[in-house]
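Below: one structure, written as structure tokens.
The values are calculated or read from the model by the stated rules, or taken from the named source; none is laboratory data. Not measured: the values here are computed from a predicted model. Here the Cβ is made from the backbone with ideal geometry for all residues, glycine too, and neighbour counts use every protein chain on show. Quick note on the areas: whole protein, heavy atoms, side chains included, nothing else; ligands and nucleic acids left out. Shrake-Rupley method; radii C 1.70, N 1.55, O 1.52, S 1.80 Å.
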Amino acid sequence: MAYSTTKTGLTAALVGLLSACQQHAPEPQLKYEAEITRTEFGIPHIRANNYASLGYGEAYAAAEDHVCNMAVALTTAQGKAAEHLGPGHDNANVYSDIVMQALDMPAKGQTALTKQPPNIREWIAGYAAGYNRYLADAQGNYGSWCDNADWVKPASAEDFMTQYVALVHTITRMAGAVAAAQPPKHEAQVTVSERAQFAALEAIKLEGMGSNGWAFGSEATDTGKGALLANPHYPWYGTSRFWEKHLTIPDELDVYGAGLIGTPGVAVGFNNAVAWTHTVSDSKRVTLYRLILNPENPTQYRYEGEWRDLKSIPVSIKVKTDAGLAEQSGAIWFSHHGPMVQMPGLAWSSTTAYAARDANSENTQVLAQWLAMGQAQSMDDFIEAHRTFNAMPWVNTISTSAEGRAVYFDNTNVGHLSKDAITAWQASLEQAPQLKQLFLTKGLVILDGSSKRDEWLVEDGVPIAGTTPFDQRPLIESRDTVFNSNDSYWLSDPDNPRTGYSPLYGATETPRSIRTRMNIHLLKGLHGFEFRGDDGKFSIEEIQQALFDNSGLTAHLLMADLLQACAVQPEVQLDGSTVSLEEPCAILAKWDKRYNNDSRGAVLFREWLTRYDYTATQFPGPLFDGNFDPLSPATTPVGLADPDRALKALAKAVDLLSTNNIPLDTPLGKLQLAHRAGKALPVHGGNRYEGIANLQVTGDTIDSPIFSGNNDRLSGSKTLSSSGYNIAHGSSFIMAMGFTEQGPKAQAILSYSESGAPSSAHFTDQTELYGNKVWRDIRFMPSDIDAATLSSKILQE
């Protein structure tokens, strides 16, 4: 080959040489490659050839829908929410940041990542890369409330693992109680309101996150195969929302369902062989320890006859204010049991204080367990996934299989107590009725912090040290039906009550919640609540009808007595005025006791019922007459306890509605609304008091940029605001599925819709479906996905 040595000739020769090299050079190896196909309602189906690429596509698609909340979750886990988002409602971000820093959550996340198997590490690394790719592509234009926010920024695999670790903790949800715990006579640098401390008390039981789960075995379905109803009751706003997805790695993983925003994997869902859902467990993941303090030094506590020093960890955070960033310093105190806490009735005095131990503080294998569950090809595989990891943080598992094995697990982590410790604690409950009431109503287990006897036992082979072994955790199998609605395992197979597990898995042979009682009525056809066909079996359609029947058991149990009281006494004196009950009682008599959008009478009954404390709907007392019978737990207690009190409460409900110009027979859908970025959408369903399966609950304060209602309360009401009943949490990812000879068939509704971005076409589309009780088909088979494809793209890097 001839070439010129002149400058021009040399340049041409070099260009030709480079061109030839490029033609023969190997293609650069791709680190990530994923296909994202979206079907109706924006549901993504992510397909990849390895876990790194799966995470890459999964996070990219998630960020398209929820980048703002993903960024909030990351920021919060790093202990920087107040710095970027401000103090939050009632200083919630301040308390959270202080506790995240005191627990050194980022370090926990880094350590947890090193403990993951290689495929999980690759998955999370790909997930971080996919999230970062979306940020680079979007350039701050997300079509949502965090557009161009400087705190929405690239994240590492360690950051996402930190978020995951923080999520499984309970103690992080109790941040107000941890921040409030300060020694007497020490000047508190952080003031925590009693309301925030009470919120921490509620967080022990994860109030605001409930659920129903029904699993049907071969003897309960019209197909002779397994079927499932998933009905988690989760928040409509914030970082604990569900996001629906389908994840596929050929010959490795093919699972459909939903997970919490910003977390890889499917938490509730199905594959070709098994299906499962979760409900928040009644187990006691946090135990409190009562410490006896040195009267001369309230930062010392007695342990086995000796004084031990409490440890103080100083923390300093930044808080965004109108005037700029402000510094906030404080200290968090620890005993060897765990962080000190203070809640209403559990104060740090000169003689006594309380510490908390969280059974999930060292739980790092949740993602690995959910992956193993999603890969299971039989119920035996599914059980083994639980046995291997023991990592479910705070949820029961209600599951079924293609061959029709229905299985309930409470595989949550609780402290492994000795028989002596349990005996001593149970004796303390009998000696102090207030402690027993705190256990039954608030889930508090208070142990003796001065005695080694009450420490958690450590056994070989248990993945998380100090927690119960797998064979001592509730597992109930049936070919009929198993279910859970947030009470303990006792009645999860209603026909075969179980006892005998650690009391930290919840009380047995005690009154159940009114919603648990309703679930049993629906599943067993009690008192006319029969939804099974003539064959005595459930079809998928009949399961759906049972859930959306929207009948309230409380009304069914009390209405006849209430109307009889009205007939006897049609007028009531209220604040010196006479209130006629003829019209309200006539409205209640016509009401069908359902909580549908067009239900007239539901609002009046709700405002009457919520004049009682919620515990009155469970235990005999001011509302229900008679005794509880453990042999008839679904039907007792029953009857109206005090007609005079009931009529006065009704008169107050009438006065409330009349004063606010609300017709007594106003349809529920006029007031019960989802307020989302300027839209007010009717929402059917009922609250905790009402004994309804399809739960939808208002919140005291909805702290979200996309909430467009009013955070106030009408005087005299527990739940009604000037913008109606503002729905804050309840039925969310609702799925009814069954196995057939052709594979799994399923329908679903994601009540608050797939996207959190107000500009998205999928911001309210499923909320409208929910309001009209319209279910949509789930696309699982490749041919169904192809036929329903709205868009498809391949991401590479």
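With a 10 Å radius around each residue's Cβ, average the other Cβ atoms per peptide and rank 348-355, 149-156, highest first. Could you put the intermediate results ahead of the total?
Working: 348-355: 18.5, 149-156: 16.4.
Peptide ranking by packing, descending: 348-355, 149-156.
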Q | Quarter of Cα convex hull surface for the chain, i.e. mean projection, nm² | A | 41.6 nm²
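With Cβ to Cβ distances under 14 Å as the rule, what net charge do the other residues near TYR408 carry (K, R +1; D, E -1)?
-3
Can you order the peptides 423-434, 586-597 by their average number of other Cβ atoms within 10 Å per residue, highest first?
So the peptides 423-434, 586-597, ranked by packing, come out 586-597, 423-434.
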**Q.** Principal-axis tilt of helix 643-659 within the chain, Cα atoms, nearest 10 degrees
**A.** 50 degrees
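Report for the chain the percent antiparallel among DSSP-assigned beta bridges with both residues inside it, nearest 5.
On the way: 112 of 124 bridges.
Roughly 90 percent of the beta bridges in the chain run antiparallel, per DSSP.
Work out how much length LEU574 to ARG645 would gain on full extension: take 0.36 nm times their residue separation and subtract the Cα-Cα distance, in nm to one decimal. Please report the intermediate quantities before stating the final value.
Numbers: separation 71, 0.36 × 71 = 25.56 nm, distance 1.17 nm.
Taking LEU574 through ARG645 to full extension adds about 24.4 nm, to one decimal.
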Q) Once the other residues with Cβ under 10 Å from the Cβ of ASP420 are scored (Lys, Arg +1; Asp, Glu -1), what is the net sum? A) +1
Q.
Using only the Cα atoms of region 711-797, what semi-axes does the equivalent ellipsoid have when each is the square root of 5 times a gyration tensor eigenvalue? Give whole Å, largest first.
A. 35, 19, 10
Q: Enumerate the calculated ³J(HN,Hα) couplings along region 321-334 in order (Karplus 6.51 cos²θ - 1.76 cosθ + 1.60, θ = phi - 60°), each rounded to whole Hz, writing x wherever the residue is Gly or Pro.
A: 10, 4, 8, x, 7, 10, 8, 10, 10, x, 9, 10, 9, 10
**Q.** Nearest 10 degrees, 0 to 90: helix 419-431 Cα axis against the chain principal axis
**A.** 40 degrees
Q: Report, by chain and number, residues whose modeled amide H sits under 5 Å from the one on SER708, excluding near sequence neighbours (fewer than 5 apart, same chain).
A: HIS675, ARG676, ALA677, GLY678
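When the helix-only estimate is applied to the chain (DSSP H runs of n ≥ 4, each -39,500 (n - 2.57), divided by the residue count), what is the mean residue ellipticity at 222 nm, nearest 500 deg cm²/dmol? Can you show the working numbers first?
Working: 22 runs with 251 residues, N = 797.
One gets -9500 deg cm²/dmol as the mean residue ellipticity at 222 nm.
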Q. Using the alpha-carbon atoms, what tilt in degrees (0 to 90, nearest 10) does helix 7-24 show relative to the longest principal axis of the chain?
A. 50 degrees
Q: For every other residue with a beta carbon closer than 12 angstrom to the beta carbon of PRO630, add +1 if it is Lys or Arg and -1 if Asp or Glu, then tell me the sum.
A: -1
**Q.** Note, ³J(HN,Hα) from phi for region 686-702, Karplus 6.51, -1.76, 1.60, rounded to Hz, x at Gly and Pro
**A.** x, 9, 4, 5, 8, x, 10, 6, 7, 7, 9, 10, 7, x, 4, 9, 9
Q.
Can you list residues from other chains, or at least 5 along the same chain, whose modelled amide H is less than 5 Å from the amide H of VAL414?
A. THR468
Q. Taking H as built 1.01 Å from N, whose amide H comes closer than 5 Å to the amide H of ILE332, not counting residues under 5 places away?
A. ILE313, VAL315
Q) If only Cα atoms are counted, what is the Rg of region 272-404, and what is its Dmax, in Å? A) 21.8, 66
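Mind checking the per residue accessible area of region 117-222 for me, 1.4 Å probe, whole number of Å²? Could you put the intermediate results ahead of the total?
Numbers: 3970 Å² over 106 residues.
On a per-residue basis, region 117-222 sits at 37 Å².
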Q. Tell me, what is the percent relative contact order of the chain, built from C-alpha pairs under 8 Å that lie six or more residues apart?
A. 15 percent
Q. Packing-wise, with mean Cβ within 10 Å as the measure, how do 564-570, 707-713 rank, highest first?
A. 707-713, 564-570
Q. Applying the Karplus parametrisation 6.51 cos²θ - 1.76 cosθ + 1.60 with θ = phi - 60° to the phi angles of region 708-720, what ³J(HN,Hα) value in whole Hz is obtained for each residue in order, glycine and proline being reported as x?
A. 10, x, 10, 8, 10, 9, 5, 4, x, 10, 8, 10, 9
